[in-house]
Amino acid sequence: MRFSGGTNEHDGQSGVPGRWIGLDAAARRRNWWWTGALTLLFAGFAVAALTEPTDRWWWAGGVGVCWLASLYYMVNRGYGRTLLTSSGLEFYTLTGRRSFRWDEIAGIDARRHQTSSGEWWDVRAVRTRGRSLTVPGVFTSSRRDAAFEEKLALIRRYRADAATD
């Protein structure tokens, strides 16, 4: 997963260019491949439920709802981006945009998630009040991913620079 980001946005307060953090084209393609594999898996479950002679339409409906939730998560994860500015973070996702000032953020943590079939890491913005939030455009399934580490260091640098201002 390579670093994807530009400096074409400007921070309204300081005139300093902001930095976009998101997935590059290869990482988005990989995300789409996994989304397709997940869709085929859910389709197989639904077909298996509907081919039984019993009345299991409700089971297929439950599989469909789970598939839609998974589809939303995968597409949102693949296309979500974050704009770093001197004043804070701006999250851009499928459902909209959210902004957080740096003084609302208590820390930036890399979190490891593990399942029986694998593991992945993402970055969480720990808020001073409220729940922590996953930073869009920063995740990996590789143990030592240079692009992931670069993005994490960049977010932490922006936060540290804001604290010294």
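Taking 7 Å along the Cα-to-C-beta vector as the label spot, tell me the Phe100-Tyr72 distance in nanometres, rounded to one decimal.
For Phe100 paired with Tyr72, the spin-label model returns 2.0 nm.
Taking K and R as +1 and D and E as -1, what net charge do the other residues with C-beta under 13 Å from the C-beta of Ala163 add up to?
Result for the local shell: 0.
Enumerate by residue number the trypsin sites (Lys or Arg not before Pro) in the range 102-165 meeting two conditions: DSSP loop (anything except H, G, I, E, B), and at most 11 other Cβ atoms within 10 Å of the site's Cβ. Write out the running numbers ahead of the final one.
Working: sites: Arg111, Arg112, Arg124, Arg127, Arg129, Arg131, Arg143, Arg144, Lys151, Arg156, Arg157, Arg159; in loops: Arg129, Arg131, Arg143, Arg144.
Those that pass, being in a loop and sparsely packed, are Arg129, Arg131, Arg143, Arg144.
Could you give me the radius of gyration and the Dmax of the range 91-164, taking only the C-alpha atoms into account and expressing both in angstrom?
Reported Rg and Dmax, both Å: 13.1, 43.
Using a 1.4 angstrom probe, figure out how much accessible area the chain has per residue, in square angstrom, rounded to the nearest whole.
In whole numbers, the chain has 61 Å² accessible per residue.
Can you give the local net charge around Arg129? Use residues other than it whose beta-carbon is closer than 13 angstrom to its beta-carbon, Lys and Arg +1, Asp and Glu -1.
Result for the local shell: +1.
Using the Kyte-Doolittle scale, find the helices of the chain whose mean hydropathy is at least 0.0 and whose Cα atoms extend 15 Å or more along the helix's long axis, counting only whole DSSP H runs.
Sorted by number, the helices that extend far enough and score high enough are 25-51, 57-79.
At 7 Å along the Cα-to-beta-carbon direction for both Arg30 and Thr164, put a label point, then send me their distance in nm to one decimal.
3.3 nm
Provide Ser132, Ser141, Ser99 ordered by accessible surface of protein heavy atoms (probe 1.4 Å), highest first.
Order by accessible area, largest first: Ser141, Ser99, Ser132.
Considering the alpha-carbon set of the range 63-111 alone, what are its Rg and its Dmax in angstrom?
For the range 63-111, the Cα-based Rg and Dmax read 13.9, 44 Å.
Just to verify a number: what accessible area does Thr51 come out at with the full protein assembly present, 1.4 Å probe, Å² rounded to tens?
100 Å²
I need the phi-derived Karplus couplings for the range 118-134: 6.51 cos²θ - 1.76 cosθ + 1.60, θ = phi - 60°, integer Hz, Gly and Pro marked x.
My calculation for the range 118-134 gives x, 8, 8, 10, 9, 10, 10, 8, 7, 8, 5, 10, x, 7, 6, 10, 6 Hz in order.
The values are calculated or read from the model by the stated rules, or taken from the named source; none is laboratory data. Just so it is clear, the model here is predicted, and its values are computed rather than measured. Because the Cβ atoms are built from the backbone with ideal geometry, glycine has one as well, and the counts that use them run over all protein chains shown. The protein model used for the area step is the full one, side chains on, heavy atoms only, and it has no ligands, DNA or RNA in it. Shrake-Rupley method; radii C 1.70, N 1.55, O 1.52, S 1.80 Å.
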